1. Counting other beta carbons within 10 Å of each residue's own, what order do 217, 130, 81 fall into, fewest first?
2. Computed over the Cα atoms of region 72-133, what is the ratio Rg over Rh, Rh following Kirkwood?
3. What do you get for the angle between helix 49-65 and the principal long axis of the chain? Use alpha-carbon atoms, 0 to 90 degrees, nearest ten.
4. For residue 117 and residue 1 in the same chain, what is the full-extension length gain: residue separation times 0.36 nm, less their Cα-Cα distance, in nm?
5. Which residue, 104, 198, 175, has the most motion in a Gaussian network model of the chain that connects Cα atoms within less than 10 Å?
6. Rounded to the nearest 500 deg cm²/dmol, what is the calculated helix-only ellipticity per residue at 222 nm for the chain, with -39500 (n - 2.57) per DSSP H run of length n ≥ 4?
7. Sorting 82, 129 on the 10 Å Cβ count, fewest up front, what's the list?
8. By count of other Cβ within 10 Å, fewest leading, how are 108, 44 ordered?
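Readers should treat all values here as calculations from the given coordinates under stated rules, not as data from a laboratory. Everything quoted here is computed from the prediction, not taken from an experiment. Neighbour counts run over all protein chains shown; Cβ positions are idealised from the backbone, glycine included.
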């Protein structure tokens, strides 16, 4: 797929029209659609600020309705460097401590990029709204250096740690045409039901032993 500024603008207007017809919720694109494998364009004013804000609000409503903790532009059919994220972290205190999972207030991030800021990695099950019903273990940096812009265009640079770093990295990967399964330990692949029934422990050590995959040597549990 060859993206152009005009095409991206048309994609945005199409999503807004679909959301208007769908009670404010946009359809989520499933894996297999070329838009999920196409690196996005940076936001450079393809639409006006009000239209961009409307898109972000539709993505927020769509993410919450799914429900999920993040949603990137390509997942609603828009090849633009934009994602929304929000995590109430409604899990047990033990799991939250092991996974370093703290509430992530709602954010809209434009033109995001990240780099690992530590050699330490953490490996947990994660899923994706574009690959419904399945999860797999992905090893990701414990802390990342995130750069981007707020919705109003204000640039920022910050470090993000723990589960919030996982969410942000997952969504930023979408902007490069990367799905979480590209980075996953495929022997860990499981349905949501199997994860809930068998592998809902705070760490992934038991799953690794039983399913026969190796956790990274730099893993921090």
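1. Values: 217 6, 130 22, 81 26.
The fewest-first ordering by Cβ neighbours comes to 217, 130, 81.
2. Details: Rg = 14.1 Å, Rh = 14.2 Å.
Over the Cα atoms of region 72-133, Rg/Rh equals 1.00.
3. That helix lies at roughly 40 degrees to the long axis.
4. Details: separation 116, 0.36 × 116 = 41.76 nm, distance 3.24 nm.
Result for the pair: 38.5 nm of gain on full extension.
5. Comparing 104, 198, 175 in a Gaussian network model of the chain, the most mobile one is 198.
6. Working: 6 runs with 68 residues, N = 221.
Rounded to the nearest 500, it is -9500 deg cm²/dmol.
7. Details: 82 29, 129 19.
With the fewest neighbours first, 82, 129 line up as 129, 82.
8. Details: 108 21, 44 10.
Taking fewest neighbouring Cβ atoms as first place, the list is 44, 108.
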